[in-house]
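Notes for the one structure printed next.
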């Protein structure tokens with residue numbers, strides 16, 4: 001029997017007679033006026049083709065000599081394809097992060113073909129990432145890491161073969177907690193009221209960035225705490241999306257699934273049934289990953305976190321995503337913040353009858369309901385809209401303000 005509790009054309013929990021959210025509705029309408037698919041870079045056969053394509057972006061080029069290492073050559077971060085260094089852009093007198101490609105030079109003919117294929121794919125992914133970050137919508141958005149320019153590093157193999165590798169120059173994140181993961185690890189749980197408010201703001205930041213990507217018909221494909229960077233402003237920490245190497249247009253079969261298995265949605269699991277796999281290139285995968293990011297940020301753990309992200313058994317992670325009910329885990333965590341929820345076992349408004357709840361408790365009920373939707377196993381059942389997360393977290397002052405400058 002239906003409770004009448006539903007998502008009523010917004011990412012807020014509606015009931016007959018409840019008002020919808022005009023701010024989120026306006027934002028979504030404004031984004032829907034124009035679509036802006038990131039152009040495919042086309043075939044990238046070698047470094048020359050890459051350089052020619054890169055020239056069309058108009059990005060500033062920084063001479064390698066204009067970058068001075070500020071960390072004695074030690075990296076401040078690393079990933080599968082890129083390593084990050086802290087440098088001074090001397091001519092601008094600005095500390096920046098320089099992301100360098102993790103790929104050496106083929107040592108002989110036997111390695112050349114495999115190396116060339118891998119390098120070509122890496123260059124295409126890198127160019128796609130640069131074009132996306134350089135898109136006017138992304139440059140204007142407060143929740144995308146800013147791409148400042150590019151540089152070229154001269155590299156030489158042990159055999160004396162020389163070549164060049166592109167490097168991305170981006171804004172430098174907060175030195176204390178550069179990633180959302182760092183903030184979670186340094187925080188005390190359960191979160192106090194002040195810390196809850198800070199985390200709600202950061203999660204709203206992430207949601208607004210993802211909303212922009214989806215408006216551009218782009219799937220992020222690798223949403224996780226490591227790819228959410230933090231920047232300190234005079235008012236607060238601000239979260240920004242980064243690492244767009246796995247981004248792809250909606251349902252484009254040419255792109256690999258990509259992502260990080262630990263943070264991927266059920267439809268991206270190796271043994272997912274075909275009815276789920278059909279959704280692995282859609283925005284629903286970002287919704288699920290965002291649900292995991294929410295759970296990790298608010299509780300500091302995940303359902304399959306006993307062994308840690310890098311040691312967790314793949315089959316354990318897959319089994320939980322394909323067979324377990326997320327609402328049970330979420331309920332166990334929510335009652336830490338709202339003890340009265342001990343007696344509530346389902347996310348329906350009728351459960352609240354007879355309870356003397358504060359606005360703070362109702363807020364957590366709404367968050368619980370949102371995460372339950374985000375973490376539903378079947379993509380078709382994630383009946384939510386990212387554009388309304390500021391309503392879920394009760395952060396109405398957080399609006400996509402840059403949209404108001406582009407009424408047309």
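Brief remarks on what is shown
- When 274, 267 are screened for being crowded, with 20+ Cβ neighbours inside 10 Å and modelled with pLDDT of 90 or more, only 267 passes.
- Within segment 347-387, the residues that satisfy the criterion of being over 25 Å from residue 192 (Cα atoms) and without any contact (Cβ under 8 Å) to a residue 24 or more places away in the chain are 351, 353, 354, 381.
- Residue 215 vs. criteria outside the structural domain of residue 339 (by TED's automatic domain parsing) and over 11 Å from the mean Cα position of the chain (by Cα): no
- Every residue from segment 225-261 that is modelled with pLDDT under 90 and not in a loop (DSSP other than H, G, I, E, B): 248, 249, 261
- Qualifying residue in segment 396-405 (condition: in a helix (DSSP H, G or I), in contact with a helix residue (DSSP H, G or I) (Cβ under 6 Å, 6 or more places away or on another chain), at pLDDT below 75 and within 30 Å of residue 142 (Cβ to Cβ)): yes
- Residue 337 vs. criteria more than 26 Å from residue 80 (Cβ to Cβ) and touching a residue at least 40 places away in the same chain (Cβ under 8 Å): yes
- Filter result for the condition that a residue is at pLDDT 85 or above and either over 14 Å from residue 224 (Cβ atoms) or in contact with a strand residue (DSSP E or B) (Cβ under 8 Å, 6 or more places away or on another chain) (or both), over 299, 341, 290: 299
- Qualifying residue in segment 359-370 (condition: under 18 Å from the mean Cα position of the chain (by Cα) and either within 27 Å of residue 267 (Cβ to Cβ) or surrounded by fewer than 17 Cβ atoms within 10 Å (Cβ to Cβ) (or both)): yes
The values are calculated or read from the model by the stated rules, or taken from the named source; none is laboratory data. Owing to the predicted nature of the structure, the values given are computational and were not obtained by experimental measurement. Neighbour counts run over all protein chains shown; Cβ positions are idealised from the backbone, glycine included.
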